[in-house]
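Below you'll find the structure, written out as structure tokens, and then a few comments.
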Amino acid sequence: MAARYQSRATGAISNLKADGYLDGPNAGEAVWLELDLGTPATAQHAAEQFLNRETRLDVLMYYALKMSGQLLTPAQGAYTTLFAATSPKISDDADWRRYAGAYLTPFAVITEPLKEANDPVAARDMWETTERVISQM
């Protein structure tokens, strides 16, 4: 679990364990990864730490309270991500692969992303901009 503060991450991990979200044959392990996105250097450090420890990333979330013009509570904003990361509904689903790489919107609905999200020109521009910024650090 990536978070800026260890105490918050370990508290959230404890809550996930207490609620049974990290139980079962397909459950993974939740551990804290320091993530400070305040500067490109600290973001790069977090990425390097992740790559040193893991071989894949199953869930990537940028926490936001506002989606589709709808103001969500923090619990509502976190629901879909926690569902994707921990729900037995996915791991027990005979067709669980339909969730792999899927775009989920509140509340845990598989949805087609906007066409802009699949724009290869925009993706290349963002990738090149990111590489340029990181190379200047």
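Some notes on this structure:
- Accessible surface of Met137, taken over heavy atoms with a 1.4 Å probe and every protein chain present, rounds to 90 Å².
- When exposed loop sites are taken as chymotrypsin sites (Phe, Trp or Tyr not before Pro) in a DSSP loop with at most 10 other Cβ atoms within 10 Å, the longest stretch of the chain clear of them is 1-61.
- Pair Trp32, Leu57: separation of 7 Å Cα→Cβ label points (nm): 2.1
- The slack in the chain from Ala117 to Thr130, taken as 0.36 nm per residue of separation less the alpha-carbon distance, amounts to 3.0 nm.
- Extension gain for Ala78 to Ala94 (0.36 nm times residue separation, less C-alpha to C-alpha distance): 3.3 nm.
- Cβ-based charge dipole, the chain, positive-most Cα from Leu82, Ala100, Ala122: Leu82
- Expected 222 nm ellipticity per residue - DSSP helices of 4 or more, -39500 (n - 2.57), all of the chain, to 500: -13500 deg cm²/dmol
- Where labels lie 7 Å past Cα in the beta-carbon direction, separation of Ser7 and Gln44 in nm: 3.1
- What the Cα convex hull of the chain gives, in volume per residue, is 142 Å³.
- Computed from the C-beta positions of Tyr103 and Ala18, the FRET efficiency with R₀ = 30 Å rounds to 0.50.
- The 1.4 Å probe gives accessible areas that order Asp119, Asp92, largest first, as Asp92, Asp119.
- Debye log10 I(q)/I(0) at q = 0.15 Å⁻¹ for segment 77-137, Cα point scatterers: -0.65
- Charge dipole (the chain, unit charges on Cβ, about Cα centre) - positive-most of Pro40, Ala9, Thr111: Ala9
- Remark: the chain carries 77 Å² of accessible area per residue (probe radius 1.4 Å; ligands, DNA and RNA excluded).
The values are calculated or read from the model by the stated rules, or taken from the named source; none is laboratory data. Everything quoted here is computed from the prediction, not taken from an experiment. Counting neighbours? That spans all protein chains shown, and the Cβs are built from the backbone with ideal geometry, glycine included. Protein only, heavy atoms only, side chains kept; ligands, DNA and RNA dropped before computing areas. Shrake-Rupley method; radii C 1.70, N 1.55, O 1.52, S 1.80 Å.
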